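Heads up: the structure comes next, in structure tokens.
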């Protein structure tokens, strides 16, 4: 019968293809590859240019250790999804790269990770050799679960020196100066602030800093621990009011949601002088050096986020990516070897190699080598910021577990474009699960 | 007894007692089940089994870490109360509808035009075909760059695009998605129509010309009716393709602004692979299967695809 044959084709191709995509991920780890793993530890890292350093350290480790380390990499974009499927299987690594905070919280809850307290008790250097505001990020429920293993990336307010000069504006130190600068720049026909709203996380950066300046880091910590009332506090509403004021003043222009940072859109705005400021992670510098080397060399200025009069947050507080971390799985067969491997993460060799690829490590011995970095002035400035910061707020979407990311990103975008008001934003944030 | 000489044998009897010379079609070279086995096994393994697993998963809570936990109807209850889910279904249908409305007339006209055997038409048809050869991902990235509000076409055509905030508004983002989809897939449908239009017997046109039918009458009274089956085929392809669109959304809008272009397929991906809530993702997937099934059913019924008649009747 023709009818019977035809119909499933049309419908089933439509639906089942989708269903397949989903369930394929379900069949992940099954087979055991224990063969040859007896005296190996597997180190899983995010695949990118920094792997050079990780490779070097693994080689150094293998020279002296009886247990050999094996470096496995997963290309960037797939990392979190692949990690999630592999971590509770037999192919799970012994040590793996992560972002601290919410990125490891689900694994801690599932009882997969080893608290590093014993390691630290044996070698206090595993904690004391790192900047505390960074080390804290990988603490979950008061226990340390990660050792910093790459560079720190605080968010800073970058500007185009030439545009500011021509507009007769100086880099703003306070929120009011920022608002005044926005007004002046707008009158000159310049978009005051470049924003890659299409990526959503650049928009989130504004919330992180304004909340921290107004309410201090405590508000977010409270909210993160599950106290939803934090979001409806007076400070929260004040922060939202300030952001709204900035957006309504035209600080970001009107088409920021069609612009992305990741495809080079917003950095180009800053570099070509179409915009005056951009709030971005410290990688902005490398991005500009790569895409607009002349601009990076002569006109790229940087500074901290403006202070807010009457705000509770310390003006030296930072937000951004504190660092990446190595965490250890409970089921590792070679905890001693892992501890030795982690010790390499504060060695002189580690610091030199990281600086060599443009990362800024967060070990206490880093200042000794800052002169060897590609841009000593910039590295020193950043290192001082991080070393002196009373609090370093991990990006919200990383502080919460991955399940919260979409909700946060949607809320910040909708608040900026006016689809939701302060109450709508508060309700969205209150719908997040506690971390 | 031979069928040739038996005047009034009923057909059933003929089939049963047919001698070698007059075998009915059903017996001629009809392959056994073994022939279908590879395809059936493949389909079962990669379509039916996963579908069954997804059904199971939709009643479970699973983040990929521990074993799945049975949660009954929780995922479904949450889904039906979820405004984003309902919106996503509507958006999927809207985008699909837009795709059909935009692509069908263009593809139809282009296809009929390209069916001519003139050399310039052959050359241009080859050019029109190019977008189909590019990967959807590459096409999306390309259009994202072309439509950049500050450095792309909109910055040079303010009179048309205003501030160029195409991807920052719902109407703009949906328009871009429909446009990029049309740019990429119109060639496929053009090809279908080109082939079909070439198959229309010339005698029909010749007869019409003798009767004094002009160009438009010939198009509406000969070409269109003759393309009926191709229109149905092409529409069904568009609907299936439209409901499963995913890559263009992932690259161009990521479901934004807000959730304004979060179509069901993208929502499923978000739930499963961004939030690691595989149970909820499975439920979205099933709902999409359900909706796609209903739409296909309706389409098949309405269009008469199930009892497709030949357009060669009377020739």
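Read-outs throughout are calculated quantities, based only on the coordinates presented, and are distinct from any laboratory measurement. From a predicted model like this one, the values you see are computed outputs, not experimental measurements. Note: ideal-geometry Cβ built from the backbone for every residue, glycine included; neighbour counts use all protein chains shown.
The table that follows gives values for the structure above.
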{"quantity": "Point-to-point label distance, residue A:77-residue B:229, nm (Cα→Cβ direction, 7 Å offset)", "calculated": "4.1 nm"}
{"quantity": "Kirkwood hydrodynamic radius of chain A, Cα pairs, Å", "calculated": "23.3 Å"}
{"quantity": "DSSP bridge orientation in chain A - percent antiparallel, rounded to nearest 5", "calculated": "55 percent"}
{"quantity": "Neighbouring partner chain Cβ atoms per residue of B:277-284, average, 10 Å criterion", "calculated": "2"}
{"quantity": "Simple label model, 7 Å out from Cα along Cβ direction - residue B:77 to residue A:229, nm", "calculated": "2.8 nm"}
{"quantity": "Calculated over chain B: convex hull of Cα atoms, volume per residue (Å³)", "calculated": "232 Å³"}
{"quantity": "Ranked A:206, B:143, B:113, criterion: other C-beta atoms within 10 Å, fewest first", "calculated": "B:113, B:143, A:206"}
{"quantity": "37 °C / 0.692 mPa s Stokes-Einstein diffusion coefficient of the protein assembly as shown, Kirkwood radius on C-alpha pairs, µm²/s", "calculated": "111 µm²/s"}
{"quantity": "Per-residue average of Cβ from other chains inside 10 Å of B:162-172", "calculated": "5"}
{"quantity": "Residue B:120/residue B:145 FRET efficiency (R0 22 Å; Cβ-Cβ; nearest 0.05)", "calculated": "0.10"}
{"quantity": "P(r) of the stretch A:121-248 over all Cα-Cα pairs, binned every 10 Å from zero, in whole percent", "calculated": "10, 30, 30, 20, 9, 1, 0"}
{"quantity": "Residue A:68-residue A:381 pseudo-label distance in nm [points 7 Å out on the Cα-to-Cβ vector]", "calculated": "4.6 nm"}
{"quantity": "Relative exposure of A:379, A:258, judged by other C-beta atoms within 10 Å (fewest first)", "calculated": "A:379, A:258"}
{"quantity": "Mean Cα-pair separation over length for the stretch B:92-262, i.e. relative contact order, pairs under 8 Å, 6 or more apart, %", "calculated": "37 percent"}
{"quantity": "Calculated diffusion of the stretch A:227-279, Stokes-Einstein form, Kirkwood radius summed over Cα pairs, 25 °C and 0.890 mPa s, µm²/s", "calculated": "187 µm²/s"}
{"quantity": "Projected-area mean, the stretch A:259-316, by convex hull of Cα positions, square nanometres", "calculated": "4.9 nm²"}
{"quantity": "Normalised contact order of chain A, rounded percent, pairs of Cα under 8 Å and 6 or more residues apart", "calculated": "24 percent"}
{"quantity": "Sequence of A:429, A:149 once ranked by neighbouring C-beta atoms within 10 Å, starting from the fewest", "calculated": "A:429, A:149"}
{"quantity": "For the stretch A:132-188: span of alpha carbons on each principal axis (Å, largest first)", "calculated": "52, 22, 15"}
{"quantity": "Contact order normalised by residue count of chain B, Cα under 8 Å, 6+ apart, percent", "calculated": "26 percent"}
{"quantity": "Helical contribution to [θ] at 222 nm, DSSP H n ≥ 4, -39,500 (n - 2.57), averaged over the protein assembly as shown, rounded to 500", "calculated": "-15500 deg cm²/dmol"}
{"quantity": "Kirkwood-Stokes translational diffusion coefficient of the stretch B:92-262, alpha-carbon pairs, 4 °C, 1.567 mPa s, µm²/s", "calculated": "73 µm²/s"}
